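Participant: One structure follows; several queries about it will come next.
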Amino acid sequence: MRLTTAHKVMMVTAIGFGTFFSIWSGSRYTNTGSSNDLVMSVIGGATTLGLIVYFRFFLRKLRKSKP
């Protein structure tokens with residue numbers, strides 16, 4: 001397996017987990033009303049968005065480097 005393929009798999013996994021975590025924390029917030037769950041949901045969502053932006057940048061850079 002090439003390093004770029006492994007990186008793609010890891011990024012997709014991280015984005016999936018981040019999405020799941022944000023949704024899970026958000027649902028816990030609606031059930032319990034705990035501000036900690038709300039903070040975790042917002043931080044998880046922001047981190048996931050950052051990973052998506054990075055992943056798109058990585059793919060764009062990878063396409064430009066291919067002959």
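A short reminder: the numbers here are calculations on the coordinates, not readings from a lab. Note that this is a predicted model, so its numbers are computed, not measured. Cβ atoms come from the backbone with ideal geometry, glycine included; neighbour counts cover every protein chain shown.
Participant: Any idea what the dipole of the chain comes to, in debye rounded to 20, about its Cα centre with Lys/Arg Cβ at +1 and Asp/Glu Cβ at -1?
Facilitator: So the magnitude is around 680 debye.
Participant: Taking the beta-carbon count within 10 Å as an exposure proxy, list Arg60, Arg28, Arg2 from fewest neighbours to most.
Facilitator: Sorted ascending by nearby Cβ count, the order is Arg2, Arg60, Arg28.
Participant: Could you tell me the largest-minus-smallest coordinate of the C-alpha atoms of the chain on each of the three principal axes, in descending order and whole angstroms?
Facilitator: So the extents along the principal axes, rounded to whole Å, are 53, 20, 11.
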